[in-house]
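Have a look at the structure below before the remarks.
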Amino acid sequence: MVIDLAANVCLKGVTFSYDNAPPVLEQVDLSFSRGFYLIKGPSGAGKSTLLRLLCKLDIPVAGEILYQGVPYSRWDTGLLRTKLSYVQQMPVVLPGTVKENLMLPFKFNQLRSAPRPDDDRLREWLDYFLLDGVSLDSRADKLSVGQRQRLTLIRSLMLEPEMLLLDEPTASLDPQARELVEQLVEKLNMERGIGIIMVSHNDFVPRSVPARHIYVEGKKVEERKYDSD
Ligand SMILES: Nc1ncnc2c1ncn2[C@@H]1O[C@H](COP(=O)(O)OP(=O)(O)OP(=O)(O)O)[C@@H](O)[C@H]1O
């Protein structure tokens, strides 16, 4: 893939290994803009590692990653993670109400003064994510796993990220809940222009937006033409 320096996120010659083990990823050149990217590849190939590098949970041993042309090393990590928001596979909600869970990001030190959404705005998000039967005062830990995953997605949107990094967000969901979350993620890209980088094992392909297919295999990462057969 050709490096596009104007892209939101750009990896240049990135190599990463855990501790002193052989590299998981080697000499990766890759660019992401605000499109829809599906990350594929065999188990253990390094898909989650790629996402962890993108949200600076891990740091390359060689090469560099840039956001808006500025190396990650010069970005404040907290600020970077508001721009590139990471959602993990298992939805984690804390004991407490739906509202308390949604407002959680604002408890972080550097975000204490960030503008907070009011109840009407939170309610709009619940409706957008088809959580109309759920109130802001509902106990979050009593929601179904599919509802909890949508709640964690809304929580990740509270800080108005430019891109969402989704690590198999539907893996723990039943087929119906999975399809719903996939459609909502697609809507976020199409209607709100949020870039999506999504690790996915199933054969989901967005219907209304073009997706790019990125394969992680044999320490390399490359874009391939999608073959639905
Ligand atoms: N914290 C860690 N310490 C050491 N090795 C790790 C760590 N996390 C992952 N690995 C190893 O790095 C490699 C890539 O793991 P990663 O989780 O990125 O793969 P993946 O493609 O996401 O796999 P899967 O599809 O099974 O989720 C694997 O060999 C894994 O064992």
Check your understanding: Here is a list of conditions, (1) in contact with a Pro (Cβ under 8 Å, 6 or more places away or on another chain); (2) within 25 Å of residue 25 (Cβ to Cβ), and residue 125 meets all of them except one; can you say which number that is?
Key -> (2)
Check your understanding: Within the stretch 80-106, which residues are open to solvent by 70 Å² or more (accessible area, probe 1.4 Å) and over 24 Å from residue 145 (Cα atoms)?
Key -> 81
Study note, to complete from the structure: Note: among 197, 154, just one is among the β-branched types (Val, Ile, Thr), in a strand (DSSP E or B) and crowded, with 18+ Cβ neighbours inside 10 Å, namely 197
Practice item. Taking the residues in the stretch 140-151 that are open to solvent by 30 Å² or more (accessible area, probe 1.4 Å) and not in a loop (DSSP other than H, G, I, E, B) as candidates, determine which candidate is farthest from the ligand (Cβ to nearest atom). Key: 142
Exercise for review: Mind counting the residues in the stretch 36-59 that are open to solvent by less than 20 Å² (accessible area, probe 1.4 Å) and more than 9 Å from the ligand (Cβ to nearest atom)?
Suggested key: 6
Check your understanding: When you go through (1) at positive phi; (2) more than 12 Å from the ligand (Cβ to nearest atom); (3) under 20 Å from the mean Cα position of the chain (by Cα) one by one for residue 27, which number turns out not to apply?
Key -> (3)
Practice item. Using the structure shown, decide if residue 77 is open to solvent by 20 Å² or more (accessible area, probe 1.4 Å), in contact with a helix residue (DSSP H, G or I) (Cβ under 7 Å, 6 or more places away or on another chain) and more than 30 Å from residue 208 (Cβ to Cβ). Key: no
Exercise for review: Could you list, in sequence order, all residues of the stretch 106-127 that are within 20 Å of residue 181 (Cβ to Cβ) and either among the acidic types (Asp, Glu) or modelled with pLDDT under 90 (or both)?
Suggested key: 124, 127
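The values are calculated or read from the model by the stated rules, or taken from the named source; none is laboratory data. Here the structure is a predicted model, which is why all the values come from computation and not from measurement. Cβ coordinates were reconstructed from backbone atoms using ideal geometry, including for glycine residues, and neighbour counts include every protein chain displayed. Side chains included, ligands, DNA and RNA excluded: accessible areas come from the protein's heavy atoms. Shrake-Rupley method; radii C 1.70, N 1.55, O 1.52, S 1.80 Å.
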